[in-house]
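The structure appears below as structure tokens.
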Amino acid sequence: MHLYLPWRIHFWWLGWTTLIVLGTPATLEAAPFFPRGPGFYFDPYKLGALAVGFLAWVKLCAWVDKDAKLYRFDPVFWNGMLLGSGMLGFLLLWNLPLFWPVFILIGVAICSAAYGYLSKRNRRADAEDQLFNDKHFWRLYEKYLGARLKRAPGVKVESTRALPIRFMSRSTTGGEAGDAARVEKVQESKGYKAALEMVWDALEKRATDIHLEPTKTEMNVRFRIDGMMNNLQPFPRATGDAVVSIFKVIANIDISEKRIAQDGSFSAQIEDRLVEFRVATAGSVVGEKMVMRILDSSAQLANLSHVGMTEDMQAAIRDVITKPHGLCLVCGPTGSGKSTTLYACLHEIDRFAQNIITVENPVEYRLDGITQIEINPKAGKTFASELRSILRQDPDVILIGEIRDKETAEIACQAAQTGHLVFSTLHANDSVTAIARLIDLGVPPFMLSTALLAVLSQRLVRKLCKKCRKKVKPSTETLRKLKADPDEVSQIFRANEVAEEKEDEDKEDADESERCTKCGGTGYFKRTGIFDLLVLNDKIRDLIRENPDVQEIRKAAVATGLKSLFDDGSRLVIAGETSIQELLRVAK
Ligand SMILES: [Zn+2]
């Protein structure tokens with residue numbers, strides 16, 4: 001029913017509007033020959049304003065109807081709000097003698113209904129799909145004015161473009177004067193501009209890591225974007241070495257030592273945000289290589305509805321994290337979004353009513369209202385030692401960056417048993433293996449069985465670039481894997497990847513122009529999570545305590561409804577969010 005109602009009403013209004021717009025000139029034309037008596041009167045300005053108002057309102061209603069379905073809001077409610085406020089307004093206009101004040105009032109009523117909808121949907125939309133907020137206006141500015149400025153004739157963009165980046169050294173020993181002096185020193189040196197350009201490029205491409213790897217003649221530059229390594233134009237070896245030296249100076253690393261592995265950090269002011277860089281060097285046979293990890297602390301913190309879970313799973317997690325005490329684990333390999341999910345969980349907890357302390361290496365997100373501690377094994381600040389000291393700070397919620405040894409695991413379990421809610425991550429393939437891994441680490445099974453609340457396992461899959469994805473008909477084999485009904489799923493999508501072999505040779509230029517502007521030809525843009533959640537019940541607790549056998553626990557877990565990561569990911573393939581190839585790559 002609700003599918004037809006809005007459209008029928010739209011056509012009804014559209015019909016009237018067309019009649020008024022077309023009828024006005026004809027009536028004006030006929031006016032001198034058609035004497036009107038008192039009372040027959042109209043004003044073309046008012047009629048025009050009314051027609052424009054009508055059309056805008058109809059267009060807005062149609063858009064909200066479509067958009068609400070896309071973002072899974074109730075279209076009936078929002079259509080009702082917009083239609084209702086408009087209809088009420090036009091009814092008032094019909095009956096009251098004051099045209100302009102009421103006309104403005106209608107505008108305000110419709111706009112506030114639209115604003116209500118926009119503020120809700122922007123919270124669900126990705127940053128680049130948000131509308132009518134600062135991000136949208138900034139995008140428009142860059143698209144129209146930014147591009148025009150760059151294209152202005154006679155301006156050599158490359159040589160005159162001043163990049164809005166400023167490197168800042170941050171050392172633990174030298175004072176601020178020493179830091180500033182180091183940055184000033186490198187500004188004059190060869191390769192500084194190349195270093196700035198490289199960092200700017202990495203940030204623009206949403207890279208999380210920059211790798212500089214020397215060969216005999218060149219310095220290879222690779223960015224990790226959405227978890228995958230991407231090769232860039234290499235530097236000549238001399239420039240590359242100069243760039244490495246510059247970052248070593250800023251990160252306060254001994255530049256004379258080129259063989260032993262070293263690490264350091266620096267930050268950079270980029271426009272109005274502060275980005276931190278963790279630098280690690282290592283000597284190889286051909287020279288010194290460098291890896292920089294980019295920690296964008298201003299990055300928007302995700303909440304649970306943003307990490308890609310189904311509504312049911314979000315509800316199950318909220319249920320777990322509102323318990324007063326216990327241990328919640330997130331497991332998966334490095335770079336599977338574990339800490340993002342943990343922070344999304346913290347976000348759900350009222351951090352001003354509870355004392356939340358985190359111990360991390362490194363602190364990836366900054367959150368107001370909580371205490372964040374960074375460990376430093378070199379200075380003797382380990383997870384275990386820091387945990388012992390924070391337990392004396394009367395915390396309600398503790399977040400431990402990672403459990404990787406017996407001592408940390410035991411303290412985590414003890415804290416969970418003594419009235420604290422503890423969150424942590426663990427390297428394990430799935431939730432059941434995570435339990436086995438903790439027992440392998442040496443945590444007594446009885447302790448684990450009482451402390452552990454739930455284990456969430458997760459991976460990140462790359463989302464298909466919506467601009468260039470290609471429709472395909474799924475094979476019977478694919479449908480069987482997806483456990484999908486052939487009648488319901490008639491099409492899925494695949495990535496439009498630019499084939500590697502086409503890239504060399506003379507076709508390179510042609511490829512460059514064919515390349516999708518949104519994803520740069522990778523076919524994917526950004527990532528989302530796939531999950532499986534194991535909430536412990538009494539049966540599983542008994543199994544852990546009495547007979548911690550992986551197969552038995554898995555059987556009991558599947559009986560509670562535990563799905564595999566692949567099964568959770570199949571919803572994304574069916575919805576066209578990712579490809580079957582990508583899902584198989586991440587979760588076999
Ligand atoms: Zn694309």
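The values are calculated or read from the model by the stated rules, or taken from the named source; none is laboratory data. Predicted model only: the values in this text are computed from it and were never measured. Cβ sites come from the backbone with ideal geometry, for glycine too, and all protein chains shown count toward neighbours. Ligands, DNA and RNA are excluded from the accessible area calculation, which covers all protein heavy atoms including side chains. Shrake-Rupley method; radii C 1.70, N 1.55, O 1.52, S 1.80 Å.
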Student exercise, the chain dipole from Lys, Arg, Asp, Glu Cβ charges, in Debye to nearest 20
940
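What is the percent carbon and sulfur in the accessible area of region 162-296, measuring with a 1.4 Å probe over the protein chains and ignoring ligands?
Solvent-exposed carbon and sulfur of region 162-296 make up 53 percent of the total.
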Regression test value, accessible area per residue of region 162-296, probe 1.4 Å, units Å², expected 49
Could you pull out the trypsin sites (Lys or Arg not before Pro) across region 200-245 that fall in loop regions by DSSP (anything but H, G, I, E, B) with no more than 11 other Cβ atoms inside 10 Å?
K216
Percentage relative contact order, the chain, counting C-alpha pairs under 8 Å, at least six apart
9
Counting sequence-distant residues (5 or more places) and residues on other chains, those with an amide H built under 5 Å from that of E402 are T425
Chymotrypsin sites (Phe, Trp or Tyr not before Pro) within region 256-357: which are DSSP loop residues with at most 16 other Cβ atoms inside 10 Å?
F352
Largest-first ranking of W57, W100 by accessible area, probe 1.4 Å, whole protein assembly kept, is W100, W57
Under the 0.36 nm per residue contour assumption, what length would be gained going from the current alpha-carbon distance of V550 and V285 to full extension?
91.0 nm
Angle between the Cα long axis of helix 44-70 and the longest principal axis of the chain, 0 to 90 degrees, nearest 10?
30
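Quick one: work out the % antiparallel among DSSP beta bridges in the chain, nearest 5.
About 70 percent, rounded to the nearest 5.
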Apply the Karplus parameterisation 6.51 cos²θ - 1.76 cosθ + 1.60, with θ equal to phi minus 60°, to every residue of region 514-519 and state each ³J(HN,Hα) to the nearest whole Hz, in sequence, with x for glycine and proline.
6, 4, 5, 6, 7, 10
So what's the back-of-envelope 222 nm ellipticity for the chain, counting only DSSP H runs of four-plus at -39500 (n - 2.57) apiece and dividing by all residues, rounded to 500?
-14000 deg cm²/dmol
Relative contact order [Cα under 8 Å, 6+ residues apart], region 235-334, whole percent
16
Rounded to the nearest 10 degrees, what's the angle between the helix 406-417 long axis and the longest principal axis of the chain, both from Cα atoms, 0 to 90?
50
No Cys partner within the rule (Cβ under 4.7 Å), the chain:
C61, C111, C328, C331, C345, C413
Through the Karplus equation 6.51 cos²θ - 1.76 cosθ + 1.60, θ set to phi - 60°, convert the phi angles of region 77-92 into ³J(HN,Hα) values in whole Hz; use x for Gly and Pro.
5, 6, 4, x, 4, 6, 5, x, 5, x, 4, 4, x, 5, 5, 4
Using a probe of 1.4 angstrom, how much of the accessible area of region 355-429 is carbon and sulfur, in percent?
40
What is the local net charge at V244, summed over the other residues whose Cβ is closer than 11 Å to its Cβ (Lys, Arg +1; Asp, Glu -1)?
+1
Would you list, by chain and number, the lysines whose Cα falls below 23 Å from the Cα of K555, excluding same-chain residues fewer than 8 positions away?
K481, K483, K539, K563, K588
